[in-house]
Amino acid sequence: TFLFHPRASSSSVSTSFLHNHFRSGFINSMSHFKRNGIYYIANGESVIAEVWKLPSMRLGNKTIYNVEVAVMPGIDDNGFLLGMSTINKLGNPKIDLANNKIVIN
């Protein structure tokens, strides 16, 4: 479950999410770790995060590929953010603010 944040450029996940996929063999550091990056969080502070590229991610009935995510300190398993870089991979989604929905055609 992700919280959609239209001002977030990248999606973010927890360290435990990353470790679970690492242990399962879905990702590995040689192929999927991209870099360390500096990100600015909602309170204006900067944090250093690991940037990984997931081979695929399923959102509803859509599968998207090569999804870049930031693994930031302090993100728990209930605090994932869905950023615009991930939303844009869905093609031309429509954001329905009145009904709290993202409509994917």
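The values are calculated or read from the model by the stated rules, or taken from the named source; none is laboratory data. Since this is a predicted model, take the numbers as computed values, not measurements. Please note: Cβ atoms are built from the backbone with ideal geometry, for glycine as well, and neighbour counts cover all protein chains shown. Accessible surface is based on the protein model in full, side chains and every heavy atom, while ligands, DNA and RNA are left aside. Shrake-Rupley method; radii C 1.70, N 1.55, O 1.52, S 1.80 Å.
Working only within the range 25-58, note down all residues that are open to solvent by 80 Å² or more (accessible area, probe 1.4 Å) and outside any strand (DSSP E or B).
First, the residues of the range 25-58 that are open to solvent by 80 Å² or more (accessible area, probe 1.4 Å): 30, 34-36, 38, 40, 42-43, 45, 48, 58.
Residues satisfying the conditions are 30, 42, 43, 45.
Scanning the range 64-96 for residues that are under 16 Å from residue 14 (Cβ atoms) and of a type in the set (Val, Ile, Thr), which turns out nearest to the chain's Cα centre (by Cα)?
Residue satisfying both the conditions and the ranking: 69.
Scanning for something surrounded by 10 or more Cβ atoms within 10 Å (Cβ to Cβ), assigned to a strand (DSSP E or B) and of a type in the set (S, T, N, Q), does the range 5-18 turn up at least one residue?
To start, the set of residues in the range 5-18 that are surrounded by 10 or more Cβ atoms within 10 Å (Cβ to Cβ) comprises 5-6, 8-18.
Then drop every residue that is not assigned to a strand (DSSP E or B), which leaves 11-13.
Adding the requirement that they be of a type in the set (S, T, N, Q) leaves 11-12.
For the range 5-18, residues surrounded by 10 or more Cβ atoms within 10 Å (Cβ to Cβ), assigned to a strand (DSSP E or B) and of a type in the set (S, T, N, Q): present.
I'd like the full set of residues that are open to solvent by 20 Å² or more (accessible area, probe 1.4 Å) and part of a strand (DSSP E or B), limited to the range 59-85.
Just the residues of the range 59-85 that are open to solvent by 20 Å² or more (accessible area, probe 1.4 Å), to begin with: 59-63, 65-66, 68, 72-79, 81, 84-85.
Selection gives 59, 62, 63, 65, 66, 68, 81.
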